[in-house]
Amino acid sequence: MKMHSIAWWPTVAVLAVATFTDLRSRRIPNWLVFPFLVAGLTVSVWMHGWRGLGMSLEGMGLGLLIFGTLFLMGGMGAGDVKLFAAIGAWIGPGQLMLALVVTGLAGGVMALGWAVWGGFVKELLKDTGDLMFGRAGRSEGETEKEDKAPVKRLRRKIPYAPAIAIGTLISFFAR
């Protein structure tokens, strides 16, 4: 039995809970992600020995690197980073890259739909430009105005666990 098939059910369960909690509270709990991460590393060693541990660590590191960079740029929450790293520990770097591409596509569609529904398409496009090209185009007045409206800003935050779930689950079928 391959690691791929063993990873399916734990991954589905964790993604379901992460999606629910992220939609409800905009948080992905550590009590969910850290045991999932440790289990991924453990199962990899059990199934494939040190080679499995290496692949698991590579997947985890790749998830941390990519989503961690987005987190540092202000475009991702820490829970999303930890969830994606834990998924990488289960599925390894190859499948994680495919999951990343599909997650990005799903997240883009979700962000656009969220912005249209919430009426902040202009802000989404501006924030995306700021994220991609730095914050040089933002004036001080805009920053002060945004700081005075934290509730409006929070409402615009997009729960990303659903996109991670879509990308990860589709990556299982593509392998």
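The values are calculated or read from the model by the stated rules, or taken from the named source; none is laboratory data. Computed from a prediction, not measured in an experiment: that's the story for all the values here. Note that we place each Cβ from the backbone using ideal geometry, even for glycine, and neighbour counts take in every protein chain shown.
Only one entry in 115, 99, 86, 106 is assigned to a helix (DSSP H, G or I), among the aliphatic types (A, V, I, L, M) and over 19 Å from residue 12 (Cα atoms), namely 115.
For residue 108, state whether it is closer than 12 Å to residue 164 by Cα, modelled with pLDDT under 95 and surrounded by fewer than 19 Cβ atoms within 10 Å (Cβ to Cβ). Criteria met by residue 108. Residue-level check: of (1) over 15 Å from residue 171 (Cα atoms); (2) modelled with pLDDT under 95; (3) of a type outside the set (Phe, Trp, Tyr), residue 80 misses just (2).
On the stretch given as region 50-77, residues that are among the small types (Gly, Ala, Ser), touching a helix residue (DSSP H, G or I) at 6+ places or on another chain (Cβ under 6 Å) and without any contact (Cβ under 8 Å) to a residue 24 or more places away in the chain total 1.
Every condition in (1) at pLDDT 60 or above; (2) in a loop (DSSP other than H, G, I, E, B); (3) loosely packed, with under 11 Cβ neighbours inside 10 Å holds for residue 137 except the one numbered (1).
Among all positions in region 18-27, there is at least one residue which is touching a Gly at 6+ places or on another chain (Cβ under 9 Å) and in a loop (DSSP other than H, G, I, E, B). Has region 85-104 got any residue that is modelled with pLDDT of 95 or more and in contact with a Phe, Trp or Tyr (Cβ under 6 Å, 6 or more places away or on another chain)? Within region 85-104, one or more residues are modelled with pLDDT of 95 or more and in contact with a Phe, Trp or Tyr (Cβ under 6 Å, 6 or more places away or on another chain).
Would you say residue 7 is of a type outside the set (Lys, Arg), over 17 Å from residue 81 (Cα atoms) and without any contact (Cβ under 8 Å) to a residue 12 or more places away in the chain? Judged against the criteria, residue 7 is not a match. If the condition is being at pLDDT below 95 and touching a helix residue (DSSP H, G or I) at 6+ places or on another chain (Cβ under 7 Å), then region 5-22 contributes 6, 7, 8.
If you go through region 111-124 and keep only what is at pLDDT 75 or above, under 20 Å from the mean Cα position of the chain (by Cα) and closer than 17 Å to residue 76 by Cα, you end up with 111, 112, 114, 115.
Take region 53-76 and flag every residue that is outside any helix (DSSP H, G or I) and more than 15 Å from residue 104 (Cα to Cα). Talk me through it step by step, then tell me what you get.
As a first pass, look at region 53-76 and keep what is outside any helix (DSSP H, G or I): 73-76.
Result: 73, 74.
Which of the residues that make up region 46-69 are surrounded by 15 or more Cβ atoms within 10 Å (Cβ to Cβ) and among the β-branched types (Val, Ile, Thr)? Residue satisfying the conditions is 66 alone.
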